[in-house]
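Below is one structure, written out as structure tokens; comments come after it.
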Amino acid sequence: MPLTADPLTAANDAVAEILEATPAPKRRGTLLIVDDEDGPRQSLRVIFKDEYDLLMAEDGPTAIELAQKHDIDVAVLDIRMAGMSGIEVLERLKYVKPDIEAIMMTAFETTDTIRQALRLRACDYINKPFDLATMRAAVAQAMQRRRLESEIHSSAEKVQELLAELQNQRVEEQIAKTRGDIYAGIIHDINGPLAVISGFVQVMNQRLNRNSRMELEDLEFIKNRLGIVTRQTTNCIEISRRYLQILRDKPGQSAPRVNVKQLLHDLEQLVRVHPSLLENEFDITPFGEDVGVKVNGTDVIQILQNLAVNAFQCSPKNHRVEIGGEVLRAPLDLKAFKDGPNDRLLNVESLDNTAPLVKFWVRDTGPGIAPEVLPKIFQPYFTTKGPREGTGLGLSIVHRLIKEGNGALHVHTRAGEGTAFTVYLPGANLAK
Ligand SMILES: Nc1ncnc2c1ncn2[C@@H]1O[C@H](COP(=O)(O)OP(=O)(O)OP(=O)(O)O)[C@@H](O)[C@H]1O
Ligand SMILES: [Mg+2]
């Protein structure tokens with residue numbers, strides 16, 4: 001069945017297909033006649049031989065054997081038989097082939113026996129000696145029932161197949177969407193370092209063109225900027241490698257223990273030269289203790305850099321942005337956090353809340369986030385910036401990276417006062 005992009009259309013197509021499906025070539029029904037008396041057996045043979053494929057049994061065991069070998073639609077069973085009674089045969093036949101329709105032939109049976117037969121899902125009973133028309137009508141009706149049931153059954157199977165296919169399709173769509181998100185993530189994360197690289201290349205070019213002779217000072221300047229360009233390039237390569245690894249579906253190696261002091265130092269190098277810094281005041285407090293974090297180093301830098309860039313960009317007016325961190329030697333008291341118009345805590349469910357934890361904050365004195373905007377900021381592609389200024393992916397990436405690192409994220413904001421993002425990540429003592 002061809003798959004349509006829209007699951008609803010696919011469902012409609014498939015239903016139409018089921019309805020239009022050319023009916024299976026009609027086969028003659030198969031009728032089993034079970035009677036230990038030769039006379040009625042032969043007269044039934046004469047009545048039905050031209051209409052159905054006939055199978056004859058003179059006792060219960062033969063009937064059951066035939067049912068195991070053939071696809072029988074309807075059985076006509078005499079209740080009173082020597083050896084295995086018709087009721088017993090019915091019970092076993094229904095066990096072997098639950099769909100068989102059975103018509104019981106009764107002579108002097110009590111209503112109890114008949115009730116028992118009906119309980120065992122016989123579809124009809126006929127008094128012996130039977131008249132021809134009644135017997136024909138009963139078998140025809142049973143055959144019709146059997147045909148309808150099998151059609152319903154195969155339609156139900158098709159619907160099941162269809163549901164499975166739709167489910168698969170949804171999974172495929174999900175994978176495609178995840179891939180799309182990952183590609184968008186790569187581009188977003190690489191954009192920052194690329195802006196820095198391109199800015200520095202321009203500055204170096206200007207220096208080179210300004211002087212015909214290189215002074216020692218120029219050489220130092222270019223050497224320093226080249227160092228930054230190299231670091232940014234490595235950063236780009238690491239980011240793309242990390243995401244491509246996700247696409248290849250290889251779980252990353254166990255998170256290395258990165259020294260937080262070193263991380264904040266690297267982050268400062270990147271943020272101080274970021275084009276969004278502009279004239280804003282920026283302060284990064286070096287980390288006091290030697291502690292590790294159980295998360296990939298580039299992930300931490302991406303998280304904090306995204307938060308810092310948002311903080312720089314939150315207002316065209318000059319404002320202050322601070323980054324800092326500390327070690328928490330006790331688990332977080334989650335009861336102390338309350339979501340509200342000014343606060344949100346994310347990832348509580350996947351937080352590895354065991355000490356030591358490393359806490360980072362990125363605070364700004366910008367305009368704050370309005371209460372109606374706050375619930376939306378982590379949605380992918382949500383942005384309040386112009387089309388060329390923001391893609392709305394930054395915070396969704398931050399959210400995902402923190403979740404993957406089993407950390408948590410808290411936002412506190414107040415209109416007119418500013419915003420503080422606090423990141424909690426599982427810490428690790430560094431081997432001495
Ligand atoms: N420090 C902040 N102060 C005020 N608003 C913020 C701050 N950080 C984020 N926001 C709000 O959250 C929105 C979503 O941020 P996010 O980083 O996901 O996307 P973006 O910054 O708009 O675009 P991109 O990150 O792709 O450049 C922003 O558009 C902004 O409205
Ligand atoms: Mg952003």
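The values are calculated or read from the model by the stated rules, or taken from the named source; none is laboratory data. Since we're looking at a predicted model, the values are computed, not measured. With ideal geometry, Cβ positions are generated from the backbone for all residues, glycine too; neighbour counts draw on all protein chains shown. These accessible areas exclude ligands, DNA and RNA; they are computed on the full protein's heavy atoms, side chains included. Shrake-Rupley method; radii C 1.70, N 1.55, O 1.52, S 1.80 Å.
Observations, loosely collected:
- Within the range 376-406, the set of residues being more than 9 Å from ligand 1 (Cβ to nearest atom) and exposed (fewer than 13 other Cβ atoms within 10 Å of the Cβ) comprises GLY386, PRO387, ARG388.
- VAL411 being open to solvent by less than 70 Å² (accessible area, probe 1.4 Å) and within 16 Å of ligand 2 (Cβ to nearest atom): yes
- The C-beta contact set for the range 360-373 (first residue over 30 Å from LYS261 (Cβ atoms), second residue part of a strand (DSSP E or B) and near ligand 1 (Cβ under 9 Å from one of its atoms), distance under 7 angstrom, 6+ apart or interchain) comprises GLY368/THR413; GLY368/GLY418; GLY368/THR419; ILE369/THR413; ILE369/THR419.
- ARG272 meets all of the listed conditions (1) within 16 Å of ligand 2 (Cβ to nearest atom); (2) out of contact with any helix residue (DSSP H, G or I) (no Cβ under 8 Å at 6 or more places or on another chain) but one, namely (1).
- Boolean, GLU173 is acidic (Asp, Glu) and surrounded by fewer than 16 Cβ atoms within 10 Å (Cβ to Cβ): yes
- Residues of the range 99-125 that turn out to be among the hydrophobic types (A, V, I, L, M, F, W, C), over 12 Å from GLY86 (Cα atoms) and at pLDDT 90 or above, as a count: 1
- Per-region count, the range 285-318, residues open to solvent by 60 Å² or more (accessible area, probe 1.4 Å) and part of a helix (DSSP H, G or I): 1
- Near pairs, Cβ below 6 angstrom, 6+ apart or cross-chain, from the range 293-321 (farther than 11 Å from SER276 by Cα and more than 16 Å from ligand 2 (Cβ to nearest atom)) to any residue that is assigned to a strand (DSSP E or B) and among the hydrophobic types (A, V, I, L, M, F, W, C): VAL293/VAL258; VAL293/VAL358; VAL293/LEU425; LYS294/ALA428; VAL295/LEU425; GLY297/VAL258
- For the range 141-172, taking the residues that are under 14 Å from the mean Cα position of the chain (by Cα) and in contact (Cβ under 8 Å) with a residue 40 or more places away in the chain, the one that is farthest from VAL74 (Cα to Cα) is identified as ARG170.
- Within the range 52-78, being among the charged types (D, E, K, R) and either open to solvent by less than 80 Å² (accessible area, probe 1.4 Å) or on the phi > 0 side of the Ramachandran plot (or both) holds for ASP53, ASP59, ASP73, ASP78.
- Residues located in the range 383-430, provided they are part of a loop (DSSP other than H, G, I, E, B), at negative phi and touching a residue at least 12 places away in the same chain (Cβ under 8 Å): LYS385, GLU389, GLY390, THR391, LEU393, GLY405, GLY407, ALA415, GLU417, ASN429, LEU430
- ALA330 fulfils the conditions (1) open to solvent by 40 Å² or more (accessible area, probe 1.4 Å); (2) modelled with pLDDT of 95 or more; (3) near ligand 1 (Cβ under 9 Å from one of its atoms) except for a single criterion, (3).
- Of the residues making up the range 358-373, at least one is more than 18 Å from PHE337 (Cα to Cα), assigned to a loop (DSSP other than H, G, I, E, B), among the aliphatic types (A, V, I, L, M) and more than 8 Å from ligand 1 (Cβ to nearest atom).
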